[in-house]
Amino acid sequence: MIHVEGLTKIYRVHVRQPGFVASLRSLFHREYREVAAVDGINFDIPEGQIVGFLGPNGAGKTTTMKLLTGLLHPTSGRIEVGGFVPFRQQNAFKKRVSLVMGQKSQLIWDIPASETFLIHKEIYEIPAASFKERIDYFTEMLDLSLIIDKPVRQLSLGERMKCELVAALLHRPDIVFLDEPTIGLDVNMQEALRRFIQSYNRDYKATILLTSHYMADVSALCERVLVINDGKLIYDGAISKLIDRFSPMKRITLVLGAKIDTSVVEAAVRNGGGRVVAYDYPQLEVEGPREEVTGLSAKLLTELPVIDLTIEDPSLESVIGLAYSEGAAGESRR
Amino acid sequence: MSGAAAFWRKYGVLFKSDWAIMMAYRSETLIWMVGAFVQPLVSLAVWVSLSGEGSIAGYTASDYVLYFTAVLVVDRLTRAWDVYELDRDIREGTFSAKLLRPFHPIHWSINGNIVYKTFFAMLMIPSWLLLAMFFPAMRIPVDMGTIGLVILAIALSSAIRFVIGYQFGLLAFWSNRATAMYALYEGIHMFLSGRIAPLSMFPDWVADAARVLPFYFTVAFPVDLLTGRLADEPETVWIGFAGQAGWLLLLALSLRFIWRNGLKRYGAAGG
Ligand SMILES: Nc1ncnc2c1ncn2[C@@H]1O[C@H](COP(=O)(O)OP(=O)(O)OP(=O)(O)O)[C@@H](O)[C@H]1O
Ligand SMILES: [Mg+2]
C-alpha cells in the first residue's frame, strides 16, 4: 500500500547572520545551509497494517509524513502510496488519504466543527446517506454530541482532537497518517483515541502510520515499528524484536528469605553471568544477557535463599531511549 | 451527481460558511470597506477644489464627483487582498490543510472574493442610488445596455486583479517579501489605473503605457464605461474588452506556471 525507496528530503535553510550590515548584505547574497531531514529511507507497508513511526525530536518523522501525503516534493527517491505518486496532488489520491497532525488544525476556527464536516461532505463528494451514517458512528464512538456545534476556537485541546479526527476520517480514507494524535491529551482521552484508531483500522482495513512519543500508544496499536534517527531508518520490524535488538539484557527481581552478605550475593550473580543492579535486603535486582537468563535464574535459585523471583523485559521507554542513543552514536562514528 | 453539479455544491457550501464568518465579523468588514473610501474621497476633494468653476483635463467639479464615486465602487468591487492570507498560509504552513483536500486551494480564495464582493455590492449600490436622488452629480448618464457592459467589465477586472494578487501571494514560495512586492505593485497601480486621477491628466506616454499594461483595464476602463465617457467610442469599448480578455488569459497561463513551480518549493512548515 505504501512503498518508499531511497527517499531523501533536503531542506535548504537560509542562514541569517546577526547584525545590520549582514542583513543588508543578505539582500543580495544569501547563504544557505542544507539539512537532510530524511536521508535515503526504504520501507513497505502492506494494506491494513498499523505501523508505529518512532524517533527522537527532529528525526524526520513529520517530514516523511508530509512527503507521503504529497505536501512536500522529495529531493530524491521514489514514493508510491495506494498506487499514486503523492506530490502529483491528484484528487483521486487526496480522497484516499488523510493526515492528522496533533499540532496543526485542519478545522476552520470561526465556525463549529459540524460546519467543517459539511464542507468536507461536499468537497469529498460524500453521499448524504453515508454522511449521516458516518457522523452517527463518530458521534457514538467519540462522544461528540456536546461539542460539534460549538465554534472550534472554544473547544479544549482534547475536544478539538476528536473533531480533527472526524474531519480527517469522514471521507473514509484507507491510508491514514497520524502525527502525534494524542499529544497533550489526558490518559483517558489517549485511551479513547487509541480505541477509536484501533476500531477504524479494523472496520475499514485502513493502513495507518502513526507517530507518537507515548510508548503506550505504540504498544497498544502497533505490531510493527519503524525507528528513524537523524533522517535514517535504524530499525524496521516487530515491536517485540525491538527489545531484543536494542536491549540484550533482561532484569531479574528477587526477594531473599535471609540476609546474605553483599560479597556473597555478588559472587553468586557473577558466577551465573549477570550483574547486580541493586541490593537492598530483602530485594535484589539483577541484570543478565537474555540468552543466559534461564541459567542465571536457576543458579540464583540454588545458591541463594530465594522467596520470590520475577523476570522482566526492560520497559519500552528505556529500550527506545537506548535505540535513539545507539542510532546517534552510529551516526557520529561515520 | 454530475461533475458540474458537484462542483457548484462545493462553492455553495463554501459560500455559506464564509458568509457566516464574515457576518460574525461584520463590524470589522464594514470598517475595512469604509477605510478604502478614504483615498478616493481625498483625491476627489483635491480635484474638486483645484478645478473650481472651470475644468481640468476635460473634467469639471461635477464630473470629478461622478468619476471618483465610480472609482470608489469599481475599486472596492475589483480589488483582491488574497496576497496577505496566501503569504501567511504559505510561510506558516497553514496552506497544508487546503492542499490536502481534493479541491484546489484557489477555489477557497475565489469564493472568499465572491462573498466579500457580494456583501460590498449589496451595501454600496443601494447607497449610491439613494445618494443620487439628492445629488444630481452622482447620477449615471448611461442606459441599461451599458450597465450590462459595466457589470461584465467589473467581473473581468475582478478576475484580473484576483489572478495578479494570487500570483504575488504565490511568490511566498520563493521569498518572504511577497507582500512588500505587492505593496510596490499597488503603489504603481494607484497611479496608472486611474485611482488617483483620470488617466487623461497624465503625460501621454504614461497614459499609453497604462493602456498597454493591465492597469487601465482594471479600474479606469469600467469607470469610463460607467460614467458615459465611452458613449461615442464603441471602438474603445471593444478594445477595452479585448484587452481585459487578453490579459486575463495571459495571467491565467502565468498563474499555472508559477503554481506548478512554486508547489515544488513548498516547505509545509510546522507540526
Ligand atoms: N520547513 C523546514 N525547513 C527547514 N528545515 C526543516 C523544516 N521542517 C523540518 N526541518 C528540519 O528537518 C528535521 C526533521 O524535522 P521533522 O519535523 O521531520 O522532525 P520530527 O521527527 O517530526 O520531530 P518531532 O518529534 O520533534 O516532531 C529537523 O532537523 C528540522 O529542523
Ligand atoms: Mg514531528
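The values are calculated or read from the model by the stated rules, or taken from the named source; none is laboratory data. None of the values given here were measured: they were computed from a predicted structure. Cβ coordinates were reconstructed from backbone atoms using ideal geometry, including for glycine residues, and neighbour counts include every protein chain displayed. Accessible surface is based on the protein model in full, side chains and every heavy atom, while ligands, DNA and RNA are left aside. Shrake-Rupley method; radii C 1.70, N 1.55, O 1.52, S 1.80 Å.
Take every Cα pair under 8 Å in region A:2-243 that's 6+ residues apart, average their separations, divide by the length, and report that relative contact order as a whole percent. Mind dumping the intermediate values first?
On the way: 428 pairs, mean separation 66.5, N = 242.
Relative contact order here is 27 percent.
Could you bin all the Cα-Cα distances of chain A into 10 Å bins starting at 0 and give me the percent of pairs in each, rounded to whole numbers?
In whole percents, the pair-distance histogram is 5, 21, 24, 20, 15, 10, 5, 1.
What do you get when you divide the Cα radius of gyration of region B:173-239 by 2.2 N^0.38 Å, with N the number of residues? Could you put the intermediate results ahead of the total?
Numbers: Rg = 14.1 Å, N = 67, 2.2 N^0.38 = 10.9 Å.
Cα-based Rg divided by the globular estimate yields 1.30.
Rounded to the nearest percent, how much of the accessible area of chain A (1.4 Å probe, protein heavy atoms only) is carbon and sulfur? Show your work: numbers first, answer last.
Details: 7980 of 15570 Å².
Accessible surface attributable to carbon and sulfur in chain A totals 51 percent.
Consider just the alpha-carbon atoms of region B:3-265 and return their Rg together with their Dmax, both in angstrom.
19.2, 61
Within 10 Å, Cβ to Cβ, of A:Ser105, how many net charges do the neighbouring residues add up to if Lys/Arg are +1 and Asp/Glu are -1?
Values: positive: A:Lys104, A:Arg153, A:Arg160; negative: A:Glu164.
Neighbourhood net charge equals +2.
Could you work out [θ]222 nm for chain B from helices alone, using -39500 (n - 2.57) per DSSP H run of at least four and dividing by all its residues? Round to the nearest 500 deg cm²/dmol.
Details: 13 runs with 202 residues, N = 271.
Rounded to the nearest 500, the figure is -24500 deg cm²/dmol.
Which of these, A:Lys241, A:Lys104, A:Lys205, has the largest mean-square fluctuation under a Gaussian network model of chain A (Cα springs below 10 Å)?
Looking only at A:Lys241, A:Lys104, A:Lys205, the largest GNM fluctuation is found for A:Lys104.
Which trypsin sites (Lys or Arg not before Pro) does region B:123-209 hold that lie in a coil by DSSP with at most 16 other beta carbons within 10 Å?
Details: sites: B:Arg139, B:Arg161, B:Arg177, B:Arg195; in loops: B:Arg139, B:Arg177, B:Arg195.
Of the trypsin sites (Lys or Arg not before Pro), the ones in loops of region B:123-209 whose Cβ has at most 16 other Cβ atoms within 10 Å are B:Arg139, B:Arg177.
How big is the B/A interface in buried accessible area, both sides summed, 1.4 Å probe, to the nearest 100 Å²? Please report the intermediate quantities before stating the final value.
On the way: alone 14060 and 16980 Å², together 28170 Å².
For chain B against chain A, roughly 2900 Å² becomes buried.
At q = 0.10, 0.17, 0.18, 0.21 Å⁻¹, what log₁₀ I(q)/I(0) does region A:204-334 have when each alpha carbon counts as one equal point scatterer in the Debye sum?
-0.44, -0.89, -0.94, -1.11
In a Gaussian network model over chain A where Cα atoms closer than 10 Å are linked, find which of A:Lys95, A:Lys121, A:Lys132 has the largest mean-square fluctuation.
Result: A:Lys132 has the largest fluctuation of those listed.
Once the Cα gyration tensor of region A:86-208 is found, what semi-axes does its equivalent ellipsoid get, as square roots of 5 times the eigenvalues, in whole Å, sorted largest first? Intermediate results must be reported in sequence, preceding the final value.
Details: eigenvalues 82, 59, 44 Å².
Semi-axes, largest first: 20, 17, 15 Å.
Heavy-atom accessible area per residue, region A:217-276, 1.4 Å probe: how many Å²?
Working: 2730 Å² over 60 residues.
So region A:217-276 comes to 46 Å² accessible per residue, rounded to a whole number.
What is the pair-distance distribution P(r) of region B:158-269, computed from all Cα-Cα distances in 10 Å bins starting at 0, with each bin given as a whole percent?
Once binned at 10 Å, the Cα pair distances of region B:158-269 give 13, 39, 30, 13, 4, 0.
Pulled fully out, how much extra length does the chain show between A:Ser23 and A:Ala267, if you take 0.36 nm times their separation in residues and subtract their Cα-Cα distance?
On the way: separation 244, 0.36 × 244 = 87.84 nm, distance 6.70 nm.
So the chain would gain 81.1 nm between A:Ser23 and A:Ala267.
With θ set to phi - 60°, apply the Karplus curve 6.51 cos²θ - 1.76 cosθ + 1.60 along region A:292-298 and write out the HN-Hα couplings as whole Hz, x wherever there is a Gly or Pro.
Rounded to whole hertz, the list is 9, 5, 5, x, 4, 5, 4.
Can you give the FRET efficiency for A:Leu309 and A:Arg78, using 1/(1 + (r/R0)^6), R0 = 56 Å, r = Cβ-Cβ distance, to the nearest 0.05?
Numbers: r = 52 Å, r/R0 = 0.92.
That gives a FRET efficiency of 0.60.
Please name whichever of A:Gly77, A:Gly58, A:Tyr200 sits farthest to the positive end of the charge dipole of region A:2-243, dipole taken about the Cα centre and charges placed at Cβ: Lys and Arg +1, Asp and Glu -1.
My answer, from the dipole projection, is A:Gly77.
Calculate the length of the line joining the C-alpha centroid of region A:46-69 to that of region B:217-238, in whole Å.
Using only Cα atoms to place each centre, the spacing works out to 59 Å.
Working only with C-alpha atoms, what are the Rg and Dmax values of the protein assembly as shown, expressed in angstrom?
Cα radius of gyration and Dmax of the protein assembly as shown are 33.0, 120 Å respectively.
Which three semi-axes in whole Å describe the equivalent ellipsoid of region A:224-270, each the square root of 5 times a Cα gyration tensor eigenvalue, listed largest first?
On the way: eigenvalues 300, 27, 11 Å².
Whole-Å semi-axes of the equivalent ellipsoid: 39, 12, 7.
Report, in whole Å, the centroid distance computed from the Cα atoms of region A:152-181 and region A:191-207.
Cα centroid to Cα centroid, the span is 13 Å.
Which of B:Phe135, B:Phe37, B:Phe191 ends up with the largest GNM mean-square fluctuation for chain B, with Cα atoms connected below 10 Å?
Its mean-square fluctuation being the largest, the pick is B:Phe135.
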